[in-house]
1. Restricting to the range 287-308, and then to whatever is part of a helix (DSSP H, G or I) and not acidic (Asp, Glu), can you tell me which residue is farthest from Ala25 (Cα to Cα)?
2. Name the residues in the range 333-371 that are closer than 25 Å to Lys162 by Cα and aromatic (Phe, Trp, Tyr), would you?
3. For Ala190, which of the numbered conditions (1) touching a residue at least 24 places away in the same chain (Cβ under 8 Å); (2) in a helix (DSSP H, G or I); (3) within 23 Å of the chain's Cα centre (by Cα) fails to hold?
4. Pick from Ile280, Ile337, Ile350: which is surrounded by 23 or more Cβ atoms within 10 Å (Cβ to Cβ), in contact (Cβ under 8 Å) with a residue 24 or more places away in the chain and more than 27 Å from Ala83 (Cβ to Cβ)?
5. Looking at Gln112, is it in contact with a Pro (Cβ under 8 Å, 6 or more places away or on another chain) and in contact (Cβ under 8 Å) with a residue 60 or more places away in the chain?
6. Is it the case that the range 181-195 has a residue that's on the phi < 0 side of the Ramachandran plot and within 16 Å of the ligand (Cβ to nearest atom)?
7. Which condition from (1) closer than 19 Å to Asp363 by Cβ; (2) assigned to a loop (DSSP other than H, G, I, E, B) is the one that Pro320 breaks?
8. Among the numbered criteria (1) without any contact (Cβ under 8 Å) to a residue 12 or more places away in the chain; (2) not in a loop (DSSP other than H, G, I, E, B), which one does Asp241 miss?
Amino acid sequence: MKIVDIRPTTVTVPLEAPLLHSNGAHWGRFVRTVVEVEADNGLIGLGEMGGGGQSAEDALRALREYLVGHDVYALEALRFAIANPTASLYNNRTQLLAAIEFACLDLIGQYQNVPVHDLLGGKLRDTVPFASYLFFRYADPATGLGEVRTPEQLAVHAKDLKARYGFRTHKLKAGVFHPDHELDCYRALAEATDGDLLRYDPNGALSVNQARRFARAIADLPNEYFEDPTWGMNGMRQLRDTGLPLATNTVVVNFEQLAANVRDPAVDVILLDTTFWGGIRPCVKAAGVCETFQLGVAVHSSGELGIQLATMLHLGAVLPNLDHAADAHYHHLRDDIIVGGKMSYVNGAIAVPDGPGLGVRLDRDKLAEYAELYRELGGYPYDRDPGRPGWYPLIPNDRWADPTAPQPDTL
Ligand SMILES: [Mg+2]
């Protein structure tokens, strides 16, 4: 089975409300690139990548020159064909590789009529549990609903998500407001969620000293881990005496960094992202290293539609050492581009697809609808906040958002 074509389509799918993070915001929608890889037998495999637009589509189309005629089964060769680590100093294609790897696994699974999890060693669980992944949010400009900036609003939002989806683990995406305000919010979250496990993730925005103070102030709460409290492996290492397990999706995102973390431990839980690591299979390999060295693993979310979510579910299904709920932005989406619409949460978990390949198919009408919406709205700068024109953060940050400011009407 040989690759004959690679076709990218940029789409934008609306979110329930704009989501704030330490570096900026998701401006009320996700921009993603759907990648179709066609094989010489007519089958089409699906991949997905974050971001999109002309340059992302051009980068994917440029891979035709490298990959037309490539054997879909030759997944190790694929890595060296387009993402050789020494060549990648000049042309980092890790995320492109990931999208193509997803599609090749999808093709192999379809051809053999088996789900991708069977190609990865077989599933160990039928569902993957997820955390609630709470964000500070602006209100949706169209409805005026959904704002989260106060402890009270966060508590209401968390209770609502728990009631709707059944989450038993709650992660607060933080690093937006001053840590004192976020501490009040996090304690309100604990109060609202009846002893459920909690995660705080300021995306490396705190200084080591701020992070240490924050850790002390939440020590009595049911914290599962402290995610990227400060920047850098050396910063994280200084926080190993706080008593809170440390997790990362920023400073251990490849095998070199994983090795460094094994030799001189900084982080306890590695959050594996099928895109950042270059595919599902590298994440399975990394999880094996983590099993050997007794590091924790969880499944990370860098934003996803149903195709990428399927990769996260197949990964979560086959990891024996998955001892934490996965993250997903998925419940913030209003719609999806897969047949059947959005996958459902039951008791905080999503069923692992059992159909051939990734087990998801493209809804062509939805793809066309959201490609048109992308053409209408265009991209947005992920590292800017639409409510604070001209703003950008420092590391460690001291340019916090003001929780008392009214929502800007410029969104
Ligand atoms: Mg994170």
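1. Across the range 287-308, the extreme among qualifying residues is Thr292.
2. Tyr345, the sole residue that qualifies.
3. (3)
4. On the way: Ile280 fails: more than 27 Å from Ala83 (Cβ to Cβ); Ile337 fails: more than 27 Å from Ala83 (Cβ to Cβ).
Of Ile280, Ile337, Ile350, the one residue that is surrounded by 23 or more Cβ atoms within 10 Å (Cβ to Cβ), in contact (Cβ under 8 Å) with a residue 24 or more places away in the chain and more than 27 Å from Ala83 (Cβ to Cβ) is Ile350.
5. On the way: in contact with a Pro (Cβ under 8 Å, 6 or more places away or on another chain): yes; in contact (Cβ under 8 Å) with a residue 60 or more places away in the chain: yes.
Yes: the conditions hold for Gln112.
6. Our first condition is that a residue be on the phi < 0 side of the Ramachandran plot; within the range 181-195, this holds for 181-193.
Now drop any that are not within 16 Å of the ligand (Cβ to nearest atom), which leaves 182, 186.
Yes, the conditions are met somewhere in the range 181-195.
7. Among (1) closer than 19 Å to Asp363 by Cβ; (2) assigned to a loop (DSSP other than H, G, I, E, B), the lone unmet condition for Pro320 is (1).
8. Unmet for Asp241, out of (1) without any contact (Cβ under 8 Å) to a residue 12 or more places away in the chain; (2) not in a loop (DSSP other than H, G, I, E, B): (2).
The values are calculated or read from the model by the stated rules, or taken from the named source; none is laboratory data. All values derive from a computational prediction rather than experimental measurement. Methodologically, a virtual Cβ is constructed for each residue, glycine included, from the backbone with ideal geometry; neighbour enumeration extends over all protein chains shown.
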